[in-house]
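I have placed the structure first, in the form of structure tokens, so that the comments after it can refer back to it.
The values are calculated or read from the model by the stated rules, or taken from the named source; none is laboratory data. Quantities reported herein were computed from a predicted structural model and do not represent experimental measurements. Please note: Cβ atoms are built from the backbone with ideal geometry, for glycine as well, and neighbour counts cover all protein chains shown.
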């Protein structure tokens with residue numbers, strides 16, 4: 001039980017929160033990385049998945065990208081990116097461990113790895129969301145003389161929105177939690193508190209870091225569900 | 001002297017510091033036993049974690065089914081657990097289980113559990129009520145009903161959950177390198193720290209291959225376990 005008390009002591013000491021390398025800074029860094037990775041993944045994944053769903057083709061691809069994506073360990077991906085300079089173009093500086101502004105050491109590698117990690121849930125959910133729009137709705141829209149583009153923007157997309165949003169929400173929480181892995185390659189974020197505590201056998205510190213990560217995950221989940229409810233049209237399901 | 005001469009004639013191997021190639025078959029041959037050890041550890045940890053997950057998930061699912069009020073709590077805890085990152089879970093367990101494979105197995109088992117409880121619940125729920133009633137009608141008691149009727153019919157849904165759990169457990173096992181029991185993750189970790197590209201890429205590729213092989217094994221065993229589903233499709 002002593003570790004629990006140690007963790008509490010670590011959390012309640014303000015010196016651990018403020019200053020360079022303090023938990024507040026690391027928290028902000030990890031939030032920035034999470035949001036950047038999510039926005040990039042959505043910018044790449046959503047158009048592809050929505051288009052495939054609209055065309056009604058490539059379902060096999062969309063679903064299997066998700067399954068294969070799960071099989072690639074994010075740790076391995078991150079490790080490869082940190083070590084990578086596949087064609088020697090960037091003289092070992094990208095993605096590598098180079099510091100990227102507020103993203104910290106190995107920031108670029110971390111963002112790219114997390115972006116790839118976020119793609120599968122976003123793509124699968126968006127694809128399924130468009131495919132599950134009832135075919136009668138699509139037929140009715142076409143019967144009213146809508147063009148393919150109009151069917152997509154006025155009928156399919158509004159109906160698909162809730163499921164697309166839940167895919168983004170899922171990805172947000174998963175990316176946040178997974179971002180801690182960056183610490184395993186001495187990267188940015190709160191994971192560093194956890195690994196630091198761990199390697200110095202200061203388990204209280206490690207647990208303190210874990211608690212902060214889990215709490216912020218909960219806050220993110222709640223915030224996302226509030227936003228999701230706000231953008232879901234009334235009566236469009238849950 | 002002979003050693004030196006040999007090294008000179010062979011030239012730098014593709015995994016030497018100088019070349020540090022990504023793909024290097026010589027590395028795989030020279031370090032075969034090390035790679036096999038890591039792979040074996042990876043498989044053992046994955047299988048043990050899945051077994052732990054299955055053994056705990058089944059009674060939990062039965063309990064949640066019996067007491068609907070508990071179902072919300074069980075699913076809530078399962079979802080909450082998923083927000084705890086894996087590298088945070090291991091330090092949480094270490095004070096109790098030490099730097100041992102047990103730590104990794106329990107941690108990963110808990111993640112697998114969250115997927116498997118859901119799969120068991122959905123699988124049992126998918127059994128048609130008429131089937132249950134006719135089994136009762138021909139005199140099946142609750143235990144026999146569960147084992148002979150409900151469980152076999154739940155196999156497809158449970159197996160779907162097991163596939164997801166297996167693939168993600170194989171991937172997550174690498175994080176066990178934090179407590180030096182990460183199977184192939186240990187090689188990945190060493191590869192990053194020493195900038196050893198062949199080791200890093202070989203281990204990463206093996207992880208993906210292992211996930212695919214286990215996935216295929218589950219699909220095949222499901223076909224053997226549920227011969228009746230094959231007839232329908234053919």
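When region B:155-169 is filtered for residues that are more than 7 Å from chain A (Cβ to nearest Cβ) and either under 12 Å from the mean Cα position of the chain (by Cα) or closer than 20 Å to residue B:99 by Cα (or both), the ones remaining, listed by number, are B:161, B:162, B:163, B:164, B:165, B:166, B:169.
The selection criterion, being in a helix (DSSP H, G or I), within 13 Å of chain A (Cβ to nearest Cβ) and surrounded by fewer than 19 Cβ atoms within 10 Å (Cβ to Cβ), does not hold for residue B:90.
Contact map, region B:183-196: first residue touching a residue at least 24 places away in the same chain (Cβ under 8 Å) and facing another protein chain (nearest Cβ under 8 Å), second residue assigned to a loop (DSSP other than H, G, I, E, B) and surrounded by 22 or more Cβ atoms within 10 Å (Cβ to Cβ), Cβ cut-off under 8 Å, separation 6 or more or different chains; pairs are B:185/A:73. When residues in region A:207-219 are screened for being touching a residue at least 60 places away in the same chain (Cβ under 8 Å) and either over 16 Å from residue A:25 (Cα atoms) or over 15 Å from the mean Cα position of the chain (by Cα) (or both), 5 of them pass. Selection of region B:218-227 for residues being assigned to a helix (DSSP H, G or I) and in contact with a helix residue (DSSP H, G or I) (Cβ under 9 Å, 6 or more places away or on another chain) yields B:218, B:219, B:221, B:222, B:223, B:225. When you look at residue B:179, is it within 8 Å of chain A (Cβ to nearest Cβ) and in contact (Cβ under 8 Å) with a residue 12 or more places away in the chain, yes or no? Answer is no for this residue.
Sort out which residues of region B:57-87 are under 21 Å from residue B:171 (Cβ atoms), free of Cβ contacts under 8 Å to residues at least 40 places away in the same chain and more than 14 Å from chain A (Cβ to nearest Cβ), and write them in order of number. Matches in region B:57-87: none.
Whether a residue is within 14 Å of chain A (Cβ to nearest Cβ) and in a helix (DSSP H, G or I) was assessed, and residue B:151 does not pass this test.
Could you look through region A:50-73, keep only residues that are more than 7 Å from chain B (Cβ to nearest Cβ), modelled with pLDDT of 80 or more and surrounded by 19 or more Cβ atoms within 10 Å (Cβ to Cβ), and pick out the one that is nearest to residue A:111 (Cα to Cα)? Per the stated criteria, the residue is A:50. On inspection, residue B:103 does not qualify as over 18 Å from residue A:210 (Cα atoms), assigned to a helix (DSSP H, G or I) and touching a helix residue (DSSP H, G or I) at 6+ places or on another chain (Cβ under 6 Å). Note on region A:144-238: enclosed helices (runs of 4 or more DSSP H) holding 2 or more residues that are over 29 Å from residue A:53 (Cβ atoms) and within 14 Å of chain B (Cβ to nearest Cβ) are A:191-199, A:203-231.
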